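The values are calculated or read from the model by the stated rules, or taken from the named source; none is laboratory data. As the structure is a prediction and not an experimental result, all values here were calculated from the model. Heads up, the Cβs are rebuilt from the backbone with ideal geometry, glycines too, and the neighbour counts pull from every protein chain shown. The accessibility values were calculated without ligands, DNA or RNA, using every heavy atom of the protein model including side chains. Shrake-Rupley method; radii C 1.70, N 1.55, O 1.52, S 1.80 Å.
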Amino acid sequence: MTITQLLKTLKTGQSLDHLYLIMGQMDYFQRRLKTAFKQLVPVEEQAMNYASYDLETVPLAVGLDDAMAAPFFGERRVVCLDDPVFLTGETKKSKVTHDLDSLEKYLAAPMDSTILVFFAPYAKLDGRKKIVKQLKKAATTIELNDFSERNVRQFFEAQLTQDGFTMAPAALNQLVQRTDADLTLMMNEKDKLELFTHPEKTIQLDAVTGLVRQTLTQNVFDLVNRVLAKNTAGAVTLYRELLQAKEEPLRINAILQGQFRLLIQTKVLAKQGYSQGKLASTLKVHPYRVKLALQTQRRFQLADLNRAYLGLFRVERQMKSSTLDPELLFSLFMTQFAGQRVTV
């Protein structure tokens, strides 16, 4: 079942299953589904027949006890269980103890009048675990990870159409770029763009450029391009603007390093024949970031990418071990990087 099909099913309230597993890190759909499941219970019954538990702080047994109770003067009970980290391969010590034996018994015979939903906001679960295998077998599973840039564009435009709006192609391209094709960020901007455009019905490029701020990652991507172009003045100016916007120097440097690491990995693996889809899967990176990395790495030598990455590593070490001004350290890095010739 797809996310669209599930949303339609929840809207009608018909042909519902007793167990659902919602996997993936798309926050927009996680939140939208939580709201849709809650709305299955009439507002006047929600205090008694709807419950949501965070399994990072509440034992699983509490949620299962609620799921096994009959609805109180209503048709159904809905119980949502958030962050079931025991389904993943993470080894960090949990704050609470979860009774997985009881969960196995419940999965074998779920309560007919209860809809039990596991919200697992993780890239993947540990498929080797017995409980994961049993849950996937018993539950209707929705995966939110495989949402490509194309899917994001189509979904966003469909939402605009429902509101009676359209969007100029250049405006949509700019919105995708400024939000890193993150559907949650795009949907957060939708109402603002529609309000600005009203009473006109087509959102134009100037609305996006005027209202939507670039993410830090996108700003850093622009910074990467200036670094690789050895545009010292432009790179230092953008770095200063990020500092003035109260971005932490170490965070900026960490994202810069991450971008160069991605460019290096993409360049090496692309030469080995990896496709964009396989790169995204292998590197566990959003397909849109891989697309941009593929476009960028073709224009630069691997030696330059490696040298920039190592230079930023030295900048990080100096930031942590000295009191030198971060902008000065970045300026020195750029001066050295731009002034050194590379032979391949």
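Placing +1 on the Cβ of every Lys and Arg and -1 on the Cβ of every Asp and Glu, with no other charges, gives segment 167-274 a dipole of roughly 520 debye about its Cα centre.
Can you tell me the accessible area per residue over the chain, all protein chains present, probe 1.4 angstrom, in square angstrom?
53
Glu104 sits among other residues whose Cβ lies under 14 Å from its own Cβ, and their net charge, with Lys and Arg +1 and Asp and Glu -1, is +4.
Quick one: if you take sqrt(5λ) for each eigenvalue of the C-alpha gyration tensor of segment 250-344, what semi-axes come out, biggest first, whole angstrom?
27, 16, 9
Scoring 317-325, 285-293 by mean Cβ neighbours within 10 Å over their residues and listing the highest first yields 285-293, 317-325.
Rolling a 1.4 Å probe over the protein heavy atoms of segment 155-251, with every protein chain left in place, gives an accessible area that is 50 percent carbon and sulfur. Other residues lying with their Cβ under 12 Å from the Cβ of Gly234 contribute a combined charge of +1, Lys and Arg counting +1, Asp and Glu -1.
So what's the gap between the Cα centers of segment 51-102 and segment 229-268, to the nearest angstrom? Cα centroid to Cα centroid, the span is 42 Å. Close amide H partners of Ile203, meaning residues 5 or more places away or on another chain with modelled amide H under 5 Å apart, are Thr166, Met167, Ala168. Remark on segment 30-101: hydrodynamic radius 13.3 angstrom, per the Kirkwood mean of 1/r across alpha carbon pairs.
Here's the list of aspartates and glutamates a cross-link from Lys129 could span, going by alpha-carbon distance under 16 Å and ignoring same-chain residues fewer than 8 apart: Glu90, Asp99, Asp101, Glu104.
Helix-only estimate, please: 222 nm mean residue ellipticity of the chain, summing -39500 (n - 2.57) across DSSP H runs of length 4 or more and dividing by its residues, to the nearest 500.
-18000 deg cm²/dmol
When the pairs Lys38/Lys133; Lys105/Lys133; Lys133/Lys284; Lys8/Lys190 are compared against a 24 Å limit on Cα-Cα distance, Lys38/Lys133 fall above it. Counting charges near Val62 (Lys, Arg +1; Asp, Glu -1) among other residues having Cβ under 12 Å from its Cβ returns a value of -4.
When the P(r) is computed for segment 214-275, the part past 19 Å accounts for 34% of the Cα-Cα pairs.
Convex hull volume of the C-alpha atoms in segment 1-60, normalised per residue: 114 Å³. In terms of its alpha-carbon gyration tensor, segment 1-153 comes out oblate; a/c meets the 1.5 threshold, while b/c is at least as large as a/b. The reciprocal of the average 1/r between distinct C-alpha atoms defines the Kirkwood hydrodynamic radius, which for the chain equals 23.3 Å. If a/c stays under 1.5 just call it rounded; otherwise compare a/b with b/c (prolate if a/b is bigger, oblate if not). Do that for segment 69-153, with a ≥ b ≥ c from the square roots of the Cα gyration tensor eigenvalues. Oblate is the answer for segment 69-153, as a/c is 1.5 or above yet b/c matches or exceeds a/b.
Amide H contacts of Arg77 (H built 1.01 Å from N, in plane; Pro and chain starts excluded): Thr114, Ile115 sit under 5 Å, all sequence-distant by 5 or more or on other chains.
For segment 239-285, count the residues as N, evaluate 2.2 N^0.38 Å, and divide the Cα radius of gyration by that value, please. That works out to 1.50 for segment 239-285.
Relative to the Cα centre, what is the charge dipole magnitude of the chain, using +1 at the beta carbon of each Lys and Arg, -1 at the beta carbon of each Asp and Glu, and rounding to the nearest 20 debye?
Taking the Cα centre of the chain as origin, the dipole is about 1720 debye.
Inverting the pair-averaged 1/r between distinct Cα atoms of segment 110-234 gives 17.8 Å as its Kirkwood hydrodynamic radius. Whole-Hz Karplus values for segment 175-184 come out as 5, 4, 5, 6, 10, 6, 6, 8, 4, 4 Hz, taken residue by residue from phi with 6.51 cos²θ - 1.76 cosθ + 1.60 and θ = phi - 60°; glycine and proline positions read x. A dipole drawn for segment 1-122 from +1 and -1 charges on Cβ atoms has a positive end, and of Val78, Ser94, Gln14 the residue lying farthest that way is Gln14. Between the helical axis of 287-297 and the longest alpha-carbon principal axis of the chain there is an angle of about 10 degrees.
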